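Down below is the structure, laid out as structure tokens.
The values are calculated or read from the model by the stated rules, or taken from the named source; none is laboratory data. Since this is a predicted model, take the numbers as computed values, not measurements. All Cβ positions, even for glycine, are placed from backbone atoms using ideal geometry, and neighbour counts span all protein chains on display. Note: accessible area is taken over every heavy atom of the protein model, side chains too, but ligands, DNA and RNA are not part of it. Shrake-Rupley method; radii C 1.70, N 1.55, O 1.52, S 1.80 Å.
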Amino acid sequence: MSYDIEYPNFSHSEYSRKLAEKYGYNDWMISRFLKFIPNTKLLLEYVEKNKSSHAEYIRANNLKIDSISLKKRLVEKGYLLKDTILKEVFKIDMTRNVNNPNSDKKTNLTTIGSTLEYLKGYYYIQDLSSCIAVDELEINEKDSTTVLDMAASPGGKTSFIAQKMNNKGNIIACEPNRKRIPSLLFNLSRCGVKNTTIFNISGEDAEKLGIKFDRVLLDAPCSCEGIITKDETRKKSRDLKDIEICSIKQKKLIQSAFQVLKPNGKMVYCTCSFAPEENEMVVDELMRNNGDNDLELEPVKYGNDGLTEYDNRQFDKDLRYTKRLYPHIHHTNGFFIAKLRKKK
Amino acid sequence: MFEILPPSAETILKRAFNNWGIFSLYEKMDIVVKSPKNKESSQIEKTSLENLLGKNNRDLQVHVCSNSLQKELTIKLQPAHSGIIIGQIKNKKFLPNLNFAELVVKHNPFLNYPYVILEDKSASLVIYGRDIMGNAIISFFKGIKENQTVIILNQNKDVIGMGKSRFGDNLITQRDKITIDTVQDIGTHYLKEENKYALHGD
Ligand SMILES: C[S@@+](CC[C@H](N)C(=O)[O-])C[C@H]1O[C@@H](n2cnc3c(N)ncnc32)[C@H](O)[C@@H]1O
């Protein structure tokens, strides 16, 4: 089978070696990517092209300012903001100035992480993919909702959840790594979040709190393959063992998350990894362990459909409702989102 | 350890809310207090907060919860953190922080509290801790006294810091003299914490 016009008549392994060599990756990573990432070569090219100026998104923090006022203030400072599929989220083009949108010259705008508006917590620098995951929790400000954010630090998604709840109801945030709690606290305080209670515990112990939740977000600790545009070290720093370790942990966490969900409650499971072992396989295992009567997957709105098979393994057909986001297709981090509802 | 507000702390807080012109807000708030040092609090678990405030004079962090359920959970489950911190009670005094200042600015629209508004250049320096020269102040609360806590605003009326006045009344605008010491600002804390752990713009 030929994989590419550049390398006609190459076998899978030869082709993957060539790509790995050319773009500086571990061969095993590319070999895997070729099996499930559409147009892998385009992804690798995209990463190269965008490594110093990857797409940057900000999420207006409506607990402190409305989206329109924020946009106006930043545009006045010269930033070029584009709307996205979410009303709270803007794409920022740091290479262009609002006064000169067609020039390709680098602008001398201060980085988006050091404006007064940032320090004030008027926005959070947050990838569109992360915001979509929170949006899929379908939180309605009017209900008094109890939400578990099972792996919370540094609090990007927690603060968006708080915003969706308009600081009402209750968020319980778990973070077992003590060293990561100050950044969580700092971000929540900067964003004016009031309705969150933080526990320095593993998500697996959330059950011990004795609370049942209307919504659970499991933004699982993962191999972070999906952020290669932002962190080039990911091209080589991980091995298959890391993915395996993450997968084992994720399967335990998702089961604990499901356990504390109220009947009719909804859970979003997400990772910033491409690996099926950390994504579809984790959700598939939860479905196998709990059965059709207990849960159902609900369609996530945005992205490419999740895999229903990988490496000679068939997954539940409803895994097509999960979504995969790719840098070269969706201009986001590589990301996976699954949404499910507990039936009883 | 998190506890409900002891009566003596309540009196201190009520007075502070009153002084800053937001007394009506106080009644609506679900407040808990925490002794900031965990180790100490575990050693003194059996000592009531009244004692802490009185004899031992230890600091208390003041946290505002969103609702009574959160307050109950906080006291029952003793988490690592809860709600939003609005200041500390130290030596029988309430020391407000920037979150408290935001409450004041939001709920007291008539600027009926000690404040100064700065011109842009000075405002951009105050954000990172610079003290304030008299000539940078373009408007201020007419009743400012010497050695008073003041809220520092930019021209958009964003809270950018809190300071201590060195002078009272019009002397606050003396030229070429530092007239307000910046005590808290929105940038210094950020520099310390700057994305220490934020790996991937989550
Ligand atoms: C992908 S990050 C979360 C990012 C965060 N949700 C945000 O949006 O800012 C994963 C987090 O899970 C934490 N973690 C690791 N093991 C965990 C466990 N057993 N239970 C809960 N969280 C865990 C990590 O310390 C890390 O902070």
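Give me the inter-chain shielding for B:71-81: mean count of other chain Cβ atoms within 10 Å, whole number please.
Going residue by residue through B:71-81 and averaging, the value is 5.
Summing -39500 (n - 2.57) over the DSSP H runs of n ≥ 4 in chain A and dividing by its residue number, what mean residue ellipticity at 222 nm do you reach, to the nearest 500 deg cm²/dmol?
Helix contribution divided over all residues of chain A: -9500 deg cm²/dmol.
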- Task: Take every DSSP beta bridge whose two residues both sit in the protein assembly as shown, then give the antiparallel share in percent to the nearest 5.
- Result: 75 percent
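Counting other C-beta atoms within 10 Å, and keeping those with at most 10, which DSSP coil trypsin sites (Lys or Arg not before Pro) do you find in segment B:142-186? Walk me through the numbers on the way to the answer.
Working: sites: B:Lys142, B:Lys145, B:Lys157, B:Lys164, B:Arg166, B:Arg175, B:Lys177; in loops: B:Lys142, B:Lys145, B:Lys157, B:Arg166, B:Arg175, B:Lys177.
In loop regions of segment B:142-186 (DSSP not H, G, I, E or B), the sparsely surrounded trypsin sites (Lys or Arg not before Pro) are B:Lys142, B:Arg175.
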- Please list the non-local residues whose amide H lies under 5 Å from the amide H of B:Ile31, H modeled 1.01 Å from N, same-chain partners needing a gap of 5 or more. B:Cys65
- Item | Within 10 Å of each Cβ in A:181-192, the average number of Cβ atoms from other chains | 5
- Task: For segment A:311-325, take each phi angle, set θ = phi - 60°, evaluate the Karplus expression 6.51 cos²θ - 1.76 cosθ + 1.60, and give the result in whole Hz per residue in order, putting x for glycine and proline.
- Result: 6, 6, 10, 9, 9, 3, 5, 5, 5, 5, 6, 6, 10, 10, 10
- Message: Before I look further, what does segment B:101-146 give for accessible area per residue, probe 1.4 Å, in whole square angstrom?
- Response: 52 Å²
- Query: For chain A, max minus min Cα coordinate along each principal axis, in Å, sorted largest first?
  - Reply: 60, 57, 34
- Query: Considering only Cα-Cα distances, which of the following residue pairs are longer than 18 Å: A:Lys64/B:Lys121; A:Lys262/B:Lys71; A:Lys262/A:Lys339; A:Lys212/A:Lys342?
  - Reply: A:Lys64/B:Lys121; A:Lys262/B:Lys71
- Message: Bins of 5 Å, beginning at zero and ending with the bin holding the largest distance: percent of Cα pairs per bin for segment A:51-96, please.
- Response: 5, 22, 33, 24, 11, 4, 1
- Residues meeting the amide H criterion for A:Phe274 (H placed from the backbone, H to H distance under 5 Å, 5 or more places apart or on another chain) are A:Glu225, A:Gly226
- Message: Please list, in order along segment A:185-199, the HN-Hα scalar couplings obtained from phi with the Karplus expression 6.51 cos²θ - 1.76 cosθ + 1.60 (θ = phi - 60°), rounded to whole Hz, x for Gly and Pro.
- Response: 4, 4, 5, 5, 5, 4, 8, x, 7, 10, 8, 10, 10, 9, 10
- Note, ³J(HN,Hα) from phi for segment A:254-267, Karplus 6.51, -1.76, 1.60, rounded to Hz, x at Gly and Pro: 5, 5, 5, 4, 5, 4, 8, 7, 6, x, 6, x, 10, 10
- Find the percent of Cα-Cα distances in segment B:114-189 that exceed 16 Å, and round it to a whole number. 35 percent
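Sort B:Thr11, A:Thr197 by heavy-atom solvent-accessible area, probe 1.4 angstrom, most to least.
Working: B:Thr11 80, A:Thr197 0 Å².
The ordering from most to least exposed comes out as B:Thr11, A:Thr197.
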- By a straight-distance test (C-alpha under 22 Å), which lysines pair with A:Lys18 as possible cross-link partners, with residues fewer than eight away in the same chain excluded? A:Lys35, A:Lys41, A:Lys49, A:Lys51, A:Lys235, A:Lys236
- Message: On the principal axes of its Cα set, how long, how wide and how thick is segment A:17-93? Give whole Å, largest value first.
- Response: 50, 23, 17
- Task: Please give the peptides A:324-333, A:10-19 ranked by average Cβ packing (other Cβ atoms within 10 Å per residue), highest first, as a rough proxy for protection.
- Result: A:324-333, A:10-19
